[in-house]
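Visitor: Before I ask anything, here is the structure I am working with.
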Amino acid sequence: PLPSPAAMKPKAEGEKIVVGFAQVGTESSWRIAHTKSVLQAAEEAGIELLYENADQSQQRQIEIIRGYIERGVDVIAFSPKTEEGWEDVLKEAKAAGIPVILSDREVQVGDDTLWTAYIGSDFREEGRRAARWLTQQAEAGRSYNVVELQGTPNSAPAAGREIGFKEVIKQDDRFTVLESYAGDFTKARGKALMEEALRRHGRSIHVVYAHNDDMALGAISAIEAYGLMPGKDIMLISVDATKSALKAMSIGKLNFAVECNALLGPQLMKAVKDLAEGKELPMKIITAEGVFSQETAKKALATREY
Ligand code: GYE
């Protein structure tokens, strides 16, 4: 077997480090903030960044990565659309001696030396945080029907946020998950899925758990159009805690948001520089995150960057 491409090829004095960044898409406001953060951090770090967007096509994302391998970039960074299907292209990167950093989703491959480091969140923990809050809010002796709006099928955040959430609520018999709909992290799909949920279950829905803010915001408009009050008649919980979610919380339409940090650019550039200096990276660099209730959301709004 080839050695793990943990180290970057040495650079000549004054020669710029080149990073190829294969972004997954433009599905959410989180994603837009993430892209900006990476572009800006590269600029500030004096790193040359090649940026291409796969528009939610895994095939396209693989082609972009292949292009970076051909150009001989120093490091490849990408947000894998799904967890699986990366073996071949990662083997090609390894054979070319190019370290690969995963930002912000993980992959599942048989050989973990195919990637160098993961920078991002603990998605299961995010799901658990959402569920813990719900179990604490819920009244004793009442039962609650939950609709889950999931993110992109087979993506690391959708998988983790489902597992963590269900792990906690299955221990509490007040909760029944009525539906777990496969979404795609977009507002439009969140709205369409919520319309369907309301058509099928109407007022028997008590809680909506959305895998991201955009889907929750879509669900909010569907609930309003149906004639119910989001945040009151139906409780809503989401993940990301972007500015628009905090706004929705401040006016009572969203009940709780679990933070997922999108500003991963500086950590990514620091990791690239560490590689350039021959340092070894930890396999997983997990960002610290909090949670927001309606009270704390109001205060945070003024300083929230995205
Ligand atoms: O939560 C969601 C986005 O991969 C962590 O992808 C990211 C997720 C984020 O579209 O809004």
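The numbers here are math on the coordinates, done by the rules we state, and not lab data. Everything numeric here is computed off the predicted structure, so don't read it as measured data. Ideal geometry is used to build each Cβ from the backbone, glycine not excepted, and the neighbour counts take in all protein chains shown.
Visitor: Looking at the stretch 156-306 only, what percent of DSSP beta bridges run antiparallel? Nearest 5 please.
Guide: Counting only bridges with both partners in the stretch 156-306, antiparallel ones make up about 25 percent.
Visitor: Shifting gears a bit: At a threshold of 8 angstrom on Cα-Cα distance, excluding pairs fewer than six apart, so keeping six or more, what relative contact order does the chain reach in percent?
Guide: Here the relative contact order equals 20 percent.
Visitor: Round to the nearest 0.05 the FRET efficiency obtained for Thr303 and Lys273 when R0 = 30 Å and r is the Cβ-Cβ distance.
Guide: Plugging the Cβ-Cβ distance into 1/(1 + (r/R0)^6) gives 0.60.
Visitor: Between Ser221 and Glu13, how high is the FRET efficiency from 1/(1 + (r/R0)^6) when r is the Cβ-Cβ distance and R₀ = 41 Å? Nearest 0.05.
Guide: Using R0 = 41 Å, I get an efficiency of 0.15.
Visitor: Rg and Dmax in Å for the chain, alpha carbons only: what are they?
Guide: Using the Cα atoms of the chain, the pair Rg, Dmax is 20.4, 69 Å.
Visitor: Under 5 Å between amide hydrogens, which residues at least 5 positions from Ala241 or on another chain qualify, with H placed 1.01 Å from N in the peptide plane?
Guide: Asp213, Val258, Cys260
Visitor: Another one. Please give the Cα centre distance for the stretch 109-143 versus the stretch 35-82, rounded to the nearest Å.
Guide: Computed from Cα coordinates, the inter-centre distance equals 26 Å.
Visitor: So what's the projected area for the stretch 122-182, the Cα convex hull averaged over all directions, in nm²?
Guide: 3.7 nm²
Visitor: Do the alpha carbons of any pairs in Lys170/Lys299; Lys16/Lys91; Lys9/Lys284 sit beyond 28 Å of each other, and which pairs?
Guide: Going by Cα-Cα distance, Lys170/Lys299 fall outside the 28 Å limit.
Visitor: Still on this structure: Between Asp111 and Ser180, what is 0.36 nm times their sequence separation minus the Cα-Cα distance? Round to one decimal in nm.
Guide: So the extension gain works out to 21.7 nm.
Visitor: Roughly what would the spin-label model give for Thr26 and Gln40, points 7 Å off Cα along C-beta, in nm?
Guide: Simple spin-label model gives 1.8 nm for this pair.
Visitor: Per-residue HN-Hα couplings for the stretch 113-119, Karplus 6.51 cos²θ - 1.76 cosθ + 1.60 at θ = phi - 60°, whole Hz, x for Gly and Pro?
Guide: Residue by residue, the stretch 113-119 yields 7, 6, 10, 9, 7, 10, 10 Hz.
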